[in-house]
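The values are calculated or read from the model by the stated rules, or taken from the named source; none is laboratory data. Everything numeric in this text was worked out from a predicted model, so none of it was measured. Please note: Cβ atoms are built from the backbone with ideal geometry, for glycine as well, and neighbour counts cover all protein chains shown. To get the accessible areas, we keep the full protein, side chains included, count just its heavy atoms, and leave off ligands, DNA and RNA. Shrake-Rupley method; radii C 1.70, N 1.55, O 1.52, S 1.80 Å.
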Amino acid sequence: MAPVKVSKICCIGAGYVGGPTCAVIALKCPHIQVTIVDLNQARIDAWNSPDFNVPIYEPGLVDVIRGCRGRNLFFSTDVDKAIQEADLIFVSVNTPTKKSGVGAGFAADLHYVESATRRIAAVATSSKIVVEKSTVPCRTAESMRTILEANSKPGCRFDLLSNPEFLAEGTAINDLFAPDRVLIGSLQTQEGKDACASLTEVYANWVPRERILTVGLWSSELTKLAANAMLAQRISSVNALSAICEATGANIEEVANAVGFDSRIGPKFLRASVGFGGSCFQKDILNLVYLSESLHLPEVAAYWRQVVEMNEYQKARFSKTVVDTLFNTITGKHIAVLGFAFKADTGDTRESAAITLIRDFLSERAYVTIYDPKVEEAQIWQDLQEACPTTPLDSIKKYVTIVHSALEACKQKEAIVIATEWKEFKEINWQTVYDQMTKPAFVFDGRMILDVVQLKKIGFTVKVIGRGDRL
Ligand code: UDX
Ligand code: UDX
């Protein structure tokens, strides 16, 4: 049998990955009908909102939706209908770290993936190519395949592919328009290769063929974990060096820049920070740790676990610098935290370093005022409540204020902490901020974005990640 020519795609999961990815497929493939489904009615309503008030903030996303919604891109909660009509189905549901049971704190919670897979098997009345897009532990495809085969109706064939997504939030649309690579994993049977060819043809509508890599199913699954682990490892390595810089008077920006000039190392992902966040890095590394342990490879597990531990250390170290610098106590002091998202250009807060910092400040009973240009207020309260589970939200609210501009956040504060590298923080009028602060005025730059020389000239005491005082 020749590879199926894909004409209808269904994507289960209208989140940060499924939404942008399938919207770009629809834009680039006007001959393919794409339906993105989700169980969450409010999320689907937002994707369908007449004024394009879509549920995630991502530069360029609204233009993509405008370009094809209602033409060949549809958002719906009718999961079954979309499954039945499609010849190719992406499974793009979330896979959080397990909170309880075997592997709690490490293993991925696959029950959403499993329930989506069971749904496909239950309602499909024709053959489908099922594509695993969620980040999953190695060999999940095998379980999905078993579920599909055990529950399929006569005449229905399911071919499973792994097609991990490498987009980064904030640059998702560019990453999707011009990906470094598209990775497709399949069984190395004729049917597996045919399914792989069908998906390759979809991407080939805009991605050069030499960038579409086809590999075995398990290599593909492992590559996603490996890529995220290696990226995060670079950050933890540079953050470990930033501690040495602070202790010696070296400057991590200079060190990282000079190191990155080595073409074997390269310049990217060497920016020291207050710690990496996001939905993937920590989760995927912990997955790798869990996988290594279950494969009886404890040294490998310990190696990768250290990348996460270094990240926790970096956050704790930064909080401690704030306390130490403010004369060893922040109790009752007023601190402005600029930025709450885990990186700039996204409203996503998952695993954001800001959450850990604010939790630390609250445990010292400091007053914290937060400003972030994109994060919703309700999200901040939810994150802080989760971070401080034993403190009632009302008590948290006595210590935390959320405001709507950086200037407002900084007024009458003793210290300012930069937690996210939003561009607008570089453009603040620092003289005005200084004039309105309690003196001495401190700035802690966890993202290395400020002009330290200028700030010091104004009168601030400035501490920057990775920069020693002896400079
Ligand atoms: C993605 C990947 O899928 C995840 O595996 C990866 O590790 C991080 O990126 P993301 O798109 O960011 O997840 O997650 P989220 O924004 O939470 O979106 C998942 C969506 O799936 C949610 O809107 C949820 O309502 C939906 N969902 C979940 C379903 O429609 N059906 C389910 O059974 C479960
Ligand atoms: C990451 C991967 O980059 C992407 O390929 C994968 O599909 C999902 O996970 P994302 O989490 O969206 O993407 O953002 P990324 O740009 O990788 O940043 C992750 C975290 O690392 C952020 O908190 C960021 O601030 C931090 N970071 C990044 C640094 O601290 N220093 C750097 O040099 C780069």
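Residue-wise test of (1) part of a loop (DSSP other than H, G, I, E, B); (2) more than 26 Å from the chain's Cα centre (by Cα).
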| residue | (1), (2) |
| --- | --- |
| GLN431 | no, yes |
| TYR434 | no, yes |
| MET437 | yes, yes |
| PRO440 | yes, yes |
| VAL443 | no, yes |
| ARG447 | yes, no |
| GLN454 | no, yes |
| LYS457 | no, yes |
| VAL462 | no, yes |
**Item:** Qualifying position, being open to solvent by less than 10 Å² (accessible area, probe 1.4 Å), under 24 Å from GLU408 (Cα atoms) and not aliphatic (A, V, I, L, M), among THR325, THR331, THR346, THR356
**Value:** THR346
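Out of curiosity, is SER115 closer than 15 Å to GLY13 by Cα and assigned to a loop (DSSP other than H, G, I, E, B)?
Working: closer than 15 Å to GLY13 by Cα: yes; assigned to a loop (DSSP other than H, G, I, E, B): no.
No: the conditions fail for SER115.
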**Message:** I'd like the residue in the range 424-437 that is of a type in the set (Asp, Glu) and within 17 Å of ASP372 (Cα to Cα) and, out of all such residues, is least open to solvent (accessible area, probe 1.4 Å).
**Reply:** GLU424
**Prompt:** Taking ARG69 and the conditions (1) surrounded by fewer than 23 Cβ atoms within 10 Å (Cβ to Cβ); (2) in contact (Cβ under 8 Å) with a residue 60 or more places away in the chain; (3) not polar (S, T, N, Q), which numbered condition does it fall short on, given that it satisfies the others?
**Reply:** (2)
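Within the range 71-78, is even one residue of a type in the set (Val, Ile, Thr) and either under 21 Å from the mean Cα position of the chain (by Cα) or within 23 Å of GLY170 (Cα to Cα) (or both)? Reasoning before the result, please.
Of all residues in the range 71-78, those of a type in the set (Val, Ile, Thr) come to 77.
Then keep just the ones that are either under 21 Å from the mean Cα position of the chain (by Cα) or within 23 Å of GLY170 (Cα to Cα) (or both); that gives none.
No, the conditions are met nowhere in the range 71-78.
Among the candidates ARG181, ARG264, ARG234, single out the residue that is more than 26 Å from the chain's Cα centre (by Cα), more than 16 Å from ligand 1 (Cβ to nearest atom) and among the charged types (D, E, K, R). Write out each step before concluding.
On the way: ARG181 fails: more than 26 Å from the chain's Cα centre (by Cα); ARG234 fails: more than 26 Å from the chain's Cα centre (by Cα).
The unique qualifying residue is ARG264.
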**Asked** Within the range 214-231, can you find the residues that are within 15 Å of ligand 1 (Cβ to nearest atom), touching a helix residue (DSSP H, G or I) at 6+ places or on another chain (Cβ under 6 Å) and polar (S, T, N, Q)?
**Response** ASN228
**Prompt:** Of the residues that make up the range 267-286, is at least one among the aromatic types (Phe, Trp, Tyr), out of contact with any Cys (no Cβ under 8 Å at 6 or more places or on another chain) and without any contact (Cβ under 8 Å) to a residue 60 or more places away in the chain?
**Reply:** yes
**Request:** Go through (1) open to solvent by 20 Å² or more (accessible area, probe 1.4 Å); (2) within 23 Å of GLU364 (Cα to Cα) and name the single condition LYS374 misses.
**Result:** (2)
**Message:** Which of the numbered conditions does ASP383 fail, given that it passes all the others? Conditions: (1) touching a residue at least 24 places away in the same chain (Cβ under 8 Å); (2) touching a Ser or Thr at 6+ places or on another chain (Cβ under 9 Å); (3) open to solvent by 50 Å² or more (accessible area, probe 1.4 Å).
**Reply:** (3)
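Quick one: which of GLY19, GLY15 is open to solvent by less than 40 Å² (accessible area, probe 1.4 Å), free of Cβ contacts under 8 Å to residues at least 60 places away in the same chain and within 16 Å of ligand 2 (Cβ to nearest atom)? Even if it seems obvious, please write down each step before you answer.
Details: GLY15 fails: free of Cβ contacts under 8 Å to residues at least 60 places away in the same chain.
After applying the criteria, what remains is GLY19.
Go through the range 1-94 and tell me which strands (runs of 3 or more DSSP E), entirely inside it, have 2 or more residues that are of a type in the set (S, T, N, Q). Show your work before the answer.
Working: elements: 8-12, 33-37, 73-76, 88-91.
Output list reads 33-37.
Return yes when ILE44 is modelled with pLDDT under 95 and in contact with a Phe, Trp or Tyr (Cβ under 6 Å, 6 or more places away or on another chain) and no when it is not. Break it down stepwise before answering.
Details: modelled with pLDDT under 95: no; in contact with a Phe, Trp or Tyr (Cβ under 6 Å, 6 or more places away or on another chain): yes.
So ILE44 does not fit the description; no.
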**Prompt:** Just one of LEU110, LEU88, LEU160 is away from ligand 2 (no atom under 16 Å from the Cβ), crowded, with 18+ Cβ neighbours inside 10 Å and within 24 Å of ILE285 (Cα to Cα); which is it?
**Reply:** LEU110
**Given (1) within 30 Å of CYS138 (Cβ to Cβ); (2) within 16 Å of ligand 1 (Cβ to nearest atom), index of the condition ASP345 fails** = (1)
**Message:** I'm checking my understanding of the structure. Among residues of the range 118-132 that are open to solvent by 50 Å² or more (accessible area, probe 1.4 Å) and either among the charged types (D, E, K, R) or in a strand (DSSP E or B) (or both), which one is farthest from LEU148 (Cα to Cα)?
**Reply:** ARG119
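Among the candidates SER186, SER220, SER242, single out the residue that is among the hydroxyl-bearing types (Ser, Thr, Tyr), farther than 29 Å from ASP348 by Cα and buried (at least 22 other Cβ atoms within 10 Å of the Cβ). First the steps, then the outcome.
On the way: SER220 fails: farther than 29 Å from ASP348 by Cα; SER242 fails: farther than 29 Å from ASP348 by Cα.
Only one candidate passes the filter, namely SER186.
How about the range 408-423: which of its residues are open to solvent by 70 Å² or more (accessible area, probe 1.4 Å) and either closer than 18 Å to VAL464 by Cα or in contact with a Ser or Thr (Cβ under 7 Å, 6 or more places away or on another chain) (or both)? Talk me through it step by step, then tell me what you get.
Start the filter on the range 408-423 by keeping residues that are open to solvent by 70 Å² or more (accessible area, probe 1.4 Å), which leaves 408, 411-412, 423.
Across the range 408-423, the qualifying residues are GLN412, LYS423.
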**Asked** Limited to the range 87-137, what total is found for residues that are more than 13 Å from ligand 1 (Cβ to nearest atom) and β-branched (Val, Ile, Thr)?
**Response** 5
**Prompt:** Residues in the range 164-174 that are of a type outside the set (Phe, Trp, Tyr) and closer than 15 Å to ASN228 by Cα: how many?
**Reply:** 5
**Complete:** Among the residues of the range 406-429, the number that are assigned to a helix (DSSP H, G or I) and in contact (Cβ under 8 Å) with a residue 40 or more places away in the chain is 6
**Prompt:** Considering the range 27-65 alone, what residues qualify as being touching a helix residue (DSSP H, G or I) at 6+ places or on another chain (Cβ under 8 Å), aromatic (Phe, Trp, Tyr) and open to solvent by 20 Å² or more (accessible area, probe 1.4 Å)?
**Reply:** PHE52
